[in-house]
Amino acid sequence: MTGPIHSLWLMPSAADGALLAGILADLSGRFGTPLFTPHLTIAGDTDRPVTQLATEIVAAAAEVAAFSEAVLGIETSETFFRSFYARFAVSAPLAALKQRLDPLAREPFLPHVSLLYGPVAARPKAEAAAQVSAALTGRPIRFDRLCVVTSGQDVPIADWRIVETVMLG
């Protein structure tokens, strides 16, 4: 039997997190989609113990200082957890965190912060994406901490909880 499922999230600073949360709340209200905390997933759906994950994020945070990344653009897809998102380049700090915390990743790294989960009609989603793109593309987002989060594809979004946090640098 496996233990609880967790993910490792890179979190935007308080100011940038509030900006992204406001956009997310607006989209959620407009489209009737779930609310969640904006984050960039470094590693998802692991059943490694929280104590081990906490040790791993402490070590990784010691190696990478807080940093800013510009939003490359707003993208949409049919994937539930990547329905509407802000895309980022695989910069040196992001690549270092991914390699340190998810060295056996099965999929290519696509750094992003989702702003909407779930299916939404194509035309209104494209219109919303154009609006959000005008506001966010090129805007730097500061990332300043790593978290261990009880979350995963099989964990209800309403049950996601941050259980450990470590500041970068």
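Just a few scattered comments:
- Filtered residues of the stretch 14-58 (kept if more than 18 Å from Leu116 (Cα to Cα), of a type outside the set (A, V, I, L, M, F, W, C) and open to solvent by 20 Å² or more (accessible area, probe 1.4 Å)): Asp45, Asp47, Arg48, Pro49, Thr51, Gln52, Thr55, Glu56
- Figure legend. Inter-residue proximity from the stretch 39-61: first residues closer than 16 Å to Phe143 by Cα, second residues open to solvent by less than 10 Å² (accessible area, probe 1.4 Å) and part of a loop (DSSP other than H, G, I, E, B), beta-carbon distance below 8 Å, spacing 6+ or different chains. Indicated pairs: Leu40/Phe88; Leu40/Pro111.
- Looking only at the stretch 141-168, and only at residues there that are assigned to a loop (DSSP other than H, G, I, E, B) and over 17 Å from Leu40 (Cβ atoms), the one that is least open to solvent (accessible area, probe 1.4 Å): Val155
- Residue in the stretch 81-103 that is aromatic (Phe, Trp, Tyr), open to solvent by 60 Å² or more (accessible area, probe 1.4 Å), part of a helix (DSSP H, G or I) and closer than 18 Å to Thr37 by Cβ present: no
- Of the residues making up the stretch 112-140, those that are touching an Asp or Glu at 6+ places or on another chain (Cβ under 8 Å) and within 23 Å of Ile157 (Cα to Cα) are His112, Pro119, Ala129.
- Residue match in the stretch 123-130 (condition: assigned to a loop (DSSP other than H, G, I, E, B) and either out of contact with any Cys (no Cβ under 7 Å at 6 or more places or on another chain) or closer than 17 Å to Leu40 by Cβ (or both)): no
- The selection criterion, being closer than 15 Å to Leu8 by Cβ and either of a type in the set (Val, Ile, Thr) or more than 17 Å from the chain's Cα centre (by Cα) (or both), does not hold for Val132.
The values are calculated or read from the model by the stated rules, or taken from the named source; none is laboratory data. This one's a predicted model, so the numbers in the text were calculated from it and none came from an experiment. Note that we place each Cβ from the backbone using ideal geometry, even for glycine, and neighbour counts take in every protein chain shown. These area figures cover heavy atoms from the full protein model, side chains too; ligands, DNA and RNA do not enter into them. Shrake-Rupley method; radii C 1.70, N 1.55, O 1.52, S 1.80 Å.
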